[in-house]
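Report on the structure given below.
The values are calculated or read from the model by the stated rules, or taken from the named source; none is laboratory data. Worth saying up front: this structure is predicted, and the values here are computed from it rather than measured. Counting neighbours? That spans all protein chains shown, and the Cβs are built from the backbone with ideal geometry, glycine included.
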Amino acid sequence: MDSFYALIARMKNIDRWALMRSVTAENVQEHSHMVAVLAHALAVIRRDVYGMDCDPNAAAAAALFHDAGEILTGDLPTPIKYNNPSIMTAYRQVEAAAAEKLLSTLPEALRPAYAPLLSEPDPALRPLVKAADKLSAYIKCIEERRAGNDEFLLAERKSLETLQSYGLPEVDYFLERFIPAFERTLDELGAMDYREPKLNILSEKEIK
């Protein structure tokens, strides 16, 4: 039985930030979508702003599946995952086993296409996916703070420090140009225009 896509669909059942009190819950499927959007954005910035060779579509695909193994492992809280090298090494081994297990749920003809997405993405794209993952966490922290939840204040500061430490111009560009918008309300973003639409009313003569 080929169960790969049915398992992927269950990513929405895995909650993130398990040790944190959240105003808005976030699951792995939602997170993966946002990371894919951000990785695509960073790749476009790398290619179109800085003139470097980069494939945004490949970056988005790698990001979309970067946490797929958590379907089998669950989302291990960051304070536990990075508590010491032994735990980190053991978790990496579990992640690798989970990737192999997921791959085995695909028909053999499809496995070569998904193998690099589930295990080792293009080394050139790995820093962008890692940065996009941290950007997604940073944005989540901003949203929680703006909702009046101070539970994420330390995580917000540490996430920003980590992003700045990467030394990636694409990340710096995104932080400067796009992050300020996450501090605004929907009205301030200009997404809603409450002006009355202009009606194109035809005269009786035009109708005839």
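Mind listing whichever residues of segment 38-61 are surrounded by fewer than 19 Cβ atoms within 10 Å (Cβ to Cβ) and either modelled with pLDDT under 95 or charged (D, E, K, R) (or both)?
Of everything in segment 38-61, those that are surrounded by fewer than 19 Cβ atoms within 10 Å (Cβ to Cβ) and either modelled with pLDDT under 95 or charged (D, E, K, R) (or both) turn out to be 47, 48, 53, 55.
Could you list all residues from segment 12-26 that are in a loop (DSSP other than H, G, I, E, B), under 16 Å from the mean Cα position of the chain (by Cα), of a type outside the set (Lys, Arg) and surrounded by 13 or more Cβ atoms within 10 Å (Cβ to Cβ)?
Of everything in segment 12-26, those that are in a loop (DSSP other than H, G, I, E, B), under 16 Å from the mean Cα position of the chain (by Cα), of a type outside the set (Lys, Arg) and surrounded by 13 or more Cβ atoms within 10 Å (Cβ to Cβ) turn out to be 14, 17, 26.
Among residues belonging to segment 20-39 that are of a type outside the set (A, V, I, L, M) and in contact (Cβ under 8 Å) with a residue 40 or more places away in the chain, point out the one that is farthest from residue 114 (Cα to Cα).
Among those residues, the one meeting the criterion is 21.
Can you tell me which residues in segment 62-105 are within 22 Å of residue 36 (Cα to Cα), at pLDDT below 85 and not in a helix (DSSP H, G or I)?
74, 75, 76, 77
Name every residue in segment 140-155 that is crowded, with 16+ Cβ neighbours inside 10 Å, among the hydrophobic types (A, V, I, L, M, F, W, C) and closer than 17 Å to residue 184 by Cα, in order of residue number.
Matches in segment 140-155: 141, 142.
Which of the residues spanning segment 106-139 are assigned to a helix (DSSP H, G or I), surrounded by 14 or more Cβ atoms within 10 Å (Cβ to Cβ) and out of contact with any helix residue (DSSP H, G or I) (no Cβ under 7 Å at 6 or more places or on another chain)?
116, 126, 127, 130 - these are the residues of segment 106-139 that are assigned to a helix (DSSP H, G or I), surrounded by 14 or more Cβ atoms within 10 Å (Cβ to Cβ) and out of contact with any helix residue (DSSP H, G or I) (no Cβ under 7 Å at 6 or more places or on another chain).
Answer yes or no: is there a residue in segment 25-37 that is modelled with pLDDT of 95 or more and over 24 Å from residue 149 (Cα atoms).
The answer is yes; a qualifying residue exists.
What is the residue count in segment 163-174 for residues that are assigned to a helix (DSSP H, G or I) and buried (at least 16 other Cβ atoms within 10 Å of the Cβ)?
Summing the residues that are assigned to a helix (DSSP H, G or I) and buried (at least 16 other Cβ atoms within 10 Å of the Cβ) in segment 163-174 gives 5.
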